[in-house]
Amino acid sequence: MKKITVVSPCFNEEDNVETCYETVKAIFERDLPGYAREHIFVDNASQDRTVEILRGIAAKDPSVKVVVNARNFGVYRSTFNGLRHSTGDATLCMLPVDLQDPPEHIPEFVKLWESGYDVVAGARSTREEGFVLRSARKAFYRIVNWLSDFELSPDVGEFQLIDRKVLDAVLSHNDHYPYIRGIIASV
(Lines give C-alpha, C1' and ligand atoms only; values in the text may rest on other atoms or scores of the structure.)
Protein backbone atom coordinates (compact mmCIF):
# COMPACT_ATOMS: atom_id res chain seq x y z
CA MET A 1 0.00 0.00 0.00
CA LYS A 2 1.40 3.39 -0.98
CA LYS A 3 1.79 5.99 1.73
CA ILE A 4 0.96 9.69 1.44
CA THR A 5 2.56 12.02 3.99
CA VAL A 6 1.05 15.37 4.96
CA VAL A 7 3.29 17.90 6.74
CA SER A 8 1.56 20.54 8.89
CA PRO A 9 3.67 23.20 10.61
CA CYS A 10 2.05 24.83 13.62
CA PHE A 11 2.61 27.52 16.22
CA ASN A 12 0.07 28.23 18.96
CA GLU A 13 -2.68 26.41 17.07
CA GLU A 14 -4.54 24.70 19.91
CA ASP A 15 -7.85 25.74 18.34
CA ASN A 16 -6.99 24.28 14.91
CA VAL A 17 -4.85 21.14 15.20
CA GLU A 18 -7.68 18.75 16.00
CA THR A 19 -9.83 20.06 13.14
CA CYS A 20 -6.90 19.74 10.75
CA TYR A 21 -6.22 16.17 11.89
CA GLU A 22 -9.89 15.12 11.68
CA THR A 23 -10.33 16.74 8.25
CA VAL A 24 -7.29 15.00 6.75
CA LYS A 25 -8.24 11.68 8.35
CA ALA A 26 -11.79 11.91 6.96
CA ILE A 27 -10.53 12.73 3.46
CA PHE A 28 -8.28 9.68 3.47
CA GLU A 29 -11.02 7.40 4.83
CA ARG A 30 -13.60 8.66 2.32
CA ASP A 31 -11.58 9.42 -0.82
CA LEU A 32 -8.25 7.59 -0.46
CA PRO A 33 -9.03 4.29 1.30
CA GLY A 34 -6.32 2.43 -0.64
CA TYR A 35 -3.53 4.62 0.73
CA ALA A 36 -1.72 4.68 4.04
CA ARG A 37 -1.69 8.08 5.71
CA GLU A 38 1.13 9.73 7.61
CA HIS A 39 0.43 13.13 9.14
CA ILE A 40 3.44 14.97 10.54
CA PHE A 41 2.76 17.97 12.74
CA VAL A 42 5.83 20.15 13.32
CA ASP A 43 5.37 22.39 16.33
CA ASN A 44 7.37 25.59 16.37
CA ALA A 45 7.74 25.94 20.17
CA SER A 46 4.09 26.73 20.85
CA GLN A 47 3.26 28.31 24.19
CA ASP A 48 -0.33 27.08 24.35
CA ARG A 49 -1.75 23.53 24.48
CA THR A 50 -0.88 22.65 20.86
CA VAL A 51 1.77 20.04 21.75
CA GLU A 52 -0.38 18.49 24.47
CA ILE A 53 -3.30 18.09 22.04
CA LEU A 54 -1.06 16.68 19.30
CA ARG A 55 0.54 14.16 21.64
CA GLY A 56 -2.93 13.01 22.67
CA ILE A 57 -3.89 12.52 19.02
CA ALA A 58 -0.62 10.68 18.26
CA ALA A 59 -1.14 8.37 21.26
CA LYS A 60 -4.40 7.17 19.67
CA ASP A 61 -3.35 7.22 16.00
CA PRO A 62 0.00 5.70 14.97
CA SER A 63 -0.16 7.45 11.59
CA VAL A 64 0.44 10.78 13.36
CA LYS A 65 3.95 12.01 14.15
CA VAL A 66 4.65 15.03 16.32
CA VAL A 67 7.95 16.86 15.90
CA VAL A 68 8.56 19.55 18.53
CA ASN A 69 11.18 22.19 17.80
CA ALA A 70 13.24 23.45 20.74
CA ARG A 71 12.55 27.02 19.64
CA ASN A 72 10.64 28.91 16.97
CA PHE A 73 12.58 28.40 13.74
CA GLY A 74 9.93 29.92 11.47
CA VAL A 75 7.43 28.21 9.23
CA TYR A 76 9.77 27.24 6.37
CA ARG A 77 12.54 25.75 8.50
CA SER A 78 9.90 23.91 10.52
CA THR A 79 8.30 22.57 7.36
CA PHE A 80 11.71 21.46 6.05
CA ASN A 81 12.27 19.69 9.37
CA GLY A 82 8.95 17.90 8.89
CA LEU A 83 9.93 16.87 5.37
CA ARG A 84 13.00 15.16 6.84
CA HIS A 85 10.67 12.89 8.84
CA SER A 86 8.49 11.89 5.87
CA THR A 87 8.40 8.20 4.98
CA GLY A 88 5.73 8.54 2.30
CA ASP A 89 5.86 7.58 -1.36
CA ALA A 90 4.57 11.11 -1.94
CA THR A 91 4.50 14.07 0.44
CA LEU A 92 2.21 17.08 0.67
CA CYS A 93 4.86 19.64 1.63
CA MET A 94 2.75 22.01 3.65
CA LEU A 95 -0.83 21.94 4.85
CA PRO A 96 -1.27 24.80 7.33
CA VAL A 97 -3.32 23.66 10.32
CA ASP A 98 -5.69 26.60 9.90
CA LEU A 99 -6.58 25.00 6.54
CA GLN A 100 -5.81 28.13 4.49
CA ASP A 101 -5.05 25.70 1.69
CA PRO A 102 -7.98 23.35 1.03
CA PRO A 103 -7.18 19.73 1.98
CA GLU A 104 -10.13 18.65 -0.18
CA HIS A 105 -7.70 18.88 -3.13
CA ILE A 106 -5.48 16.10 -1.76
CA PRO A 107 -7.34 13.29 -3.61
CA GLU A 108 -7.03 15.20 -6.90
CA PHE A 109 -3.31 15.76 -6.23
CA VAL A 110 -2.85 12.02 -5.56
CA LYS A 111 -4.68 11.12 -8.77
CA LEU A 112 -2.41 13.41 -10.79
CA TRP A 113 0.66 12.02 -9.01
CA GLU A 114 -0.47 8.47 -9.81
CA SER A 115 -0.85 9.46 -13.48
CA GLY A 116 2.87 10.26 -13.61
CA TYR A 117 3.42 13.79 -12.33
CA ASP A 118 6.33 14.08 -9.89
CA VAL A 119 5.12 17.47 -8.63
CA VAL A 120 1.49 18.53 -8.28
CA ALA A 121 1.10 22.13 -7.13
CA GLY A 122 -1.93 24.01 -5.93
CA ALA A 123 -2.24 27.52 -7.35
CA ARG A 124 -4.09 30.35 -5.64
CA SER A 125 -6.86 31.78 -7.78
CA THR A 126 -7.35 34.86 -5.60
CA ARG A 127 -5.39 36.68 -2.93
CA GLU A 128 -6.60 39.07 -0.31
CA GLU A 129 -3.88 41.71 -0.54
CA GLY A 130 -3.61 45.38 -1.31
CA PHE A 131 -2.07 47.14 -4.28
CA VAL A 132 1.35 47.64 -2.65
CA LEU A 133 1.79 43.99 -1.64
CA ARG A 134 0.48 42.76 -5.00
CA SER A 135 2.92 45.06 -6.83
CA ALA A 136 5.83 43.99 -4.61
CA ARG A 137 4.99 40.32 -5.22
CA LYS A 138 4.92 40.84 -9.00
CA ALA A 139 8.25 42.68 -8.90
CA PHE A 140 9.84 40.00 -6.71
CA TYR A 141 8.84 37.15 -9.01
CA ARG A 142 9.82 39.11 -12.10
CA ILE A 143 13.33 39.60 -10.68
CA VAL A 144 13.65 36.01 -9.42
CA ASN A 145 12.54 34.59 -12.76
CA TRP A 146 14.91 36.89 -14.64
CA LEU A 147 17.87 35.78 -12.47
CA SER A 148 17.15 32.05 -12.29
CA ASP A 149 17.33 29.14 -14.70
CA PHE A 150 13.77 28.07 -13.90
CA GLU A 151 10.46 29.85 -13.49
CA LEU A 152 8.56 30.28 -10.26
CA SER A 153 4.84 30.98 -10.40
CA PRO A 154 3.70 33.77 -8.07
CA ASP A 155 0.50 31.82 -7.40
CA VAL A 156 2.15 28.60 -6.18
CA GLY A 157 3.24 28.16 -2.59
CA GLU A 158 4.30 25.07 -0.65
CA PHE A 159 0.89 23.38 -1.06
CA GLN A 160 2.45 20.77 -3.35
CA LEU A 161 2.43 17.00 -3.51
CA ILE A 162 5.87 15.73 -4.47
CA ASP A 163 7.12 12.27 -5.33
CA ARG A 164 9.64 10.58 -3.04
CA LYS A 165 12.48 11.08 -5.55
CA VAL A 166 11.74 14.82 -5.64
CA LEU A 167 11.63 14.93 -1.85
CA ASP A 168 14.99 13.17 -1.67
CA ALA A 169 16.46 15.76 -4.06
CA VAL A 170 14.95 18.60 -1.99
CA LEU A 171 16.37 17.14 1.22
CA SER A 172 19.83 16.89 -0.33
CA HIS A 173 20.03 20.70 -0.21
CA ASN A 174 21.90 21.73 2.90
CA ASP A 175 20.19 25.07 3.36
CA HIS A 176 19.69 26.62 6.78
CA TYR A 177 16.93 28.89 5.44
CA PRO A 178 15.23 26.78 2.78
CA TYR A 179 13.00 28.38 0.17
CA ILE A 180 11.06 25.17 -0.37
CA ARG A 181 9.05 26.14 -3.47
CA GLY A 182 12.25 27.38 -5.12
CA ILE A 183 14.12 24.17 -4.29
CA ILE A 184 11.25 22.06 -5.67
CA ALA A 185 11.20 24.10 -8.88
CA SER A 186 14.95 23.66 -9.30
CA VAL A 187 15.08 19.85 -8.99
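The values are calculated or read from the model by the stated rules, or taken from the named source; none is laboratory data. Source: prediction; values computed, not measured. Backbone-built Cβ (ideal geometry, glycine too); neighbour counts: all protein chains shown.
Which of the residues spanning segment 161-175 are outside any helix (DSSP H, G or I) and either among the small types (G, A, S) or at pLDDT below 65 (or both)?
S172
Take the residues of segment 108-128 that are modelled with pLDDT of 95 or more and either more than 15 Å from D89 (Cβ to Cβ) or among the β-branched types (V, I, T) (or both): which is surrounded by the most Cβ atoms within 10 Å (Cβ to Cβ)?
V110
(1) charged (D, E, K, R); (2) part of a loop (DSSP other than H, G, I, E, B); (3) modelled with pLDDT under 95: which one isn't true of R134, the others all being true?
Only one criterion in (1) charged (D, E, K, R); (2) part of a loop (DSSP other than H, G, I, E, B); (3) modelled with pLDDT under 95 is unmet by R134, namely (2).
Among the listed residues S86, S46, identify the single one that is in contact (Cβ under 8 Å) with a residue 60 or more places away in the chain and assigned to a loop (DSSP other than H, G, I, E, B). Show your work before the answer.
On the way: S46 fails: in contact (Cβ under 8 Å) with a residue 60 or more places away in the chain.
Going through S86, S46 in turn, the sole match is S86.
May I ask you to say which residue of I57, I27, I40 is assigned to a helix (DSSP H, G or I), free of Cβ contacts under 8 Å to residues at least 60 places away in the same chain and hydrophobic (A, V, I, L, M, F, W, C)?
Exactly one of I57, I27, I40 is assigned to a helix (DSSP H, G or I), free of Cβ contacts under 8 Å to residues at least 60 places away in the same chain and hydrophobic (A, V, I, L, M, F, W, C), namely I57.
Of the residues V17, V24, V66, which single one is surrounded by fewer than 22 Cβ atoms within 10 Å (Cβ to Cβ) and at pLDDT 95 or above?
V66
Quick check on this structure: which one of T19, T5 is over 23 Å from D118 (Cα atoms), hydroxyl-bearing (S, T, Y) and either in contact (Cβ under 8 Å) with a residue 24 or more places away in the chain or touching a Phe, Trp or Tyr at 6+ places or on another chain (Cβ under 6 Å) (or both)?
Testing whether each residue is over 23 Å from D118 (Cα atoms), hydroxyl-bearing (S, T, Y) and either in contact (Cβ under 8 Å) with a residue 24 or more places away in the chain or touching a Phe, Trp or Tyr at 6+ places or on another chain (Cβ under 6 Å) (or both) leaves just T19.
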